[in-house]
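The values are calculated or read from the model by the stated rules, or taken from the named source; none is laboratory data. No experiment lies behind these values; they were computed from the predicted model shown. Positions of Cβ are backbone-derived with ideal geometry, glycine not excepted, and every protein chain shown enters the neighbour counts. Areas reflect the complete protein model, heavy atoms only, side chains present, ligands, DNA and RNA absent. Shrake-Rupley method; radii C 1.70, N 1.55, O 1.52, S 1.80 Å.
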Amino acid sequence: VCGSLFWLELPAECELGAATPALRAAQATLPAAPRRVLLVDDIAMNRDVIAAFLRAGGHSVLLASGGAEAVGLAAADRFDVILMDLRMADMDGLEATRRIRLLPAPHGEVTILALTAQPVTGRETELAIAGLDGLLAKPVDYATLMRAVAQVPLLACQHEAPDAASSLPLFDSAVLDQTMAFLSAGEAAVNLALLRERKQELVRLIDAQPQPALLAETAHGLAAAAGMFGFIALSSVCRRFEQAVAANLPDATLLAGLMRTETENALHKLDQVLRAGGIGAT
Amino acid sequence: VSSDVQPQGLIFGENDPLMRGIVRSVLLQTGHNVFLAADGMEAISLARRLQARLVLLDIGMPRLNGMLACQAIRKLPGYTDVPIVMLTGYDDTRMRQAARLVGADDFITKPFRPDQLLARLMVHLDTPAPARAAALTALGRGPECPGSHVWNTIQPTIAGGDSPELLSGREMLLVLRDAEGHS
């Protein structure tokens with residue numbers, strides 16, 4: 001079935017959603033906004049043909065000739081979509097997809113479509129669990145390729161990378177107010193006291209230098225709670241630490257130090273808030 | 001408890017008391033009763049005893065995680081069409097995909113804006129299933145707030161109407177191994 005296309009899923013939020021087949025067809029005939037594509041195939045001829053199609057359709061294309069190279073490029077750069085050959089000599093497409101999915105956001109969230117000449121019937125769940133979003137049968141024709149790429153959400157739909165925590169505000173009182181609006185005065189006092197304990201616990205834990213996984217678990221909880229109460233930089237650095245530990249990245253140690261500093265800053269700020277608001281007697 | 005007078009309400013499974021308190025306050029704003037569970041087993045047990053209008057589940061819970069709880073609750077009688085929403089600090093793509101595979105309808109990451117959580121839950125509660133995906137899309141992510149995003153990434157489950165394929169035991173092990181790797 002040359003050129004047939006089916007979707008396993010499209011895990012990005014700006015997709016067509018409830019669009020009817022007719023609406024989809026109508027949208028597919030419109031010229032697509034240019035996408036940034038990473039094309040991964042270990043056979044040069046396949047790369048050349050598909051890259052020529054993509055460029056003819058107005059898209060920009062970067063090429064990788066193997067799975068490991070693709071993971072490196074996906075970690076260093078951002079793409080709207082990765083077209084991934086499944087069967088490759090060095091690292092196959094499924095393994096490369098699994099590794100890309102472990103990259104911190106937004107790199108790990110890129111849409112990945114498999115390009116394959118082999119039948120995959122019965123393997124759909126395995127492919128979805130590896131992190132593939134959809135499948136294109138090879139050889140792929142121009143129209144099918146254009147339709148598939150046009151359906152991929154644009155980068156603009158994705159969230160920005162939580163880059164340097166220092167660029168984020170220590171504290172955002174609007175966020176605190178948002179949450180406080182849902183709490184009674186009593187609940188607010190209890191919750192802020194709990195948050196204060198959590199922060200102190202994290203500092204103690206960092207100083208005790210536990211297993212990274214244990215520290216990541218505590219950071220995971222604090223990322224949510226601190227974020228809810230407006231401690232933006234702390235929430236962000238906790239999340240980055242957790243992701244670094246999960247992906248086994250070498251900068252986890254550095255981030256632990258940064259996390260300690262941000263926790264101290266956040267504790268200081270929280271005490272100011274408590275004093276100013278007269279909430280909670282600590 | 002007689003089965004034809006089952007109490008109604010919302011079930012919320014979360015092991016972190018801090019988050020449980022905040023979310024409970026948000027859930028009460030929907031006007032429904034709120035039933036709290038501290039882990040996945042308790043959430044399933046609550047779902048067996050009452051016909052919930054909506055189930056909200058954290059993923060990283062002790063005893064039984066939210067993914068497995070979701071899969072189990074989805075199979076209970078009366079829960080085929082009940083919205084199940086995952087509320088979690090795990091925001092990687094594979095978690096979202098796994099959530100869809102176990103039958104969840106929506107995926108919201110922590111930290112979130114309470115007003116946006118409330119707005120999304122109201123859509124799930126008040127909009128008939130066929131129109132839900134469009135309503136959620138229209139809701140969007142709301143105003144940007146650094147470090148505080150509400151995500152929605154698994155609409156097709158609602159839009160398509162076809163029930164997602166449930167994971168086999170072996171596949172679930174893969175998902176769980178993954179979840180452990182993240183905690």
**Q.** The listed residue being facing chain B (nearest Cβ under 7 Å) and in a helix (DSSP H, G or I), out of A:224, A:213, A:189, A:193
**A.** A:224
Q. Just for the range B:9-25: of the residues that are of a type outside the set (A, V, I, L, M, F, W, C) and within 14 Å of chain A (Cβ to nearest Cβ), which one is surrounded by the most Cβ atoms within 10 Å (Cβ to Cβ)?
A. B:14
Q: For residue B:75, state whether it is basic (Lys, Arg), surrounded by fewer than 20 Cβ atoms within 10 Å (Cβ to Cβ) and at negative phi.
A: yes
Q. Being part of a loop (DSSP other than H, G, I, E, B), among the hydrophobic types (A, V, I, L, M, F, W, C) and either touching a residue at least 40 places away in the same chain (Cβ under 8 Å) or open to solvent by 30 Å² or more (accessible area, probe 1.4 Å) (or both), is that true of even one residue in the range B:86-98?
A. no
Q.
Quick check on residue B:107: is it modelled with pLDDT of 80 or more, more than 7 Å from chain A (Cβ to nearest Cβ), assigned to a loop (DSSP other than H, G, I, E, B) and crowded, with 22+ Cβ neighbours inside 10 Å?
A. no
Q) Restricting the first residue to the range A:169-195 and requiring it to be surrounded by 20 or more Cβ atoms within 10 Å (Cβ to Cβ), which pairs with a second residue that is of a type in the set (S, T, N, Q) meet a Cβ separation below 6 Å and a spacing of at least six or different chains? A) A:175/B:148; A:182/B:25
Q: Test each condition in (1) within 15 Å of residue A:133 (Cα to Cα); (2) within 14 Å of chain B (Cβ to nearest Cβ) for residue A:106 and report the one that comes out false.
A: (1)
Q: Give the residue that is modelled with the lowest pLDDT, with candidates limited to residues of the range A:106-133 that are touching an Asp or Glu at 6+ places or on another chain (Cβ under 9 Å) and charged (D, E, K, R).
A: A:124
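Counting just the residues of the range B:26-47 that are part of a helix (DSSP H, G or I) and open to solvent by 10 Å² or more (accessible area, probe 1.4 Å), which one comes out farthest from residue B:73 (Cα to Cα)?
Filtering first and then ranking leaves B:28.
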Q: Name every residue in the range B:110-148 that is facing another protein chain (nearest Cβ under 7 Å), modelled with pLDDT of 75 or more, assigned to a helix (DSSP H, G or I) and over 13 Å from residue B:83 (Cβ atoms), in order of residue number.
A: B:114, B:115, B:134
Q: Tally the residues that are part of a strand (DSSP E or B) and either among the small types (Gly, Ala, Ser) or more than 14 Å from the chain's Cα centre (by Cα) (or both), restricting the search to the range B:48-59.
A: 2
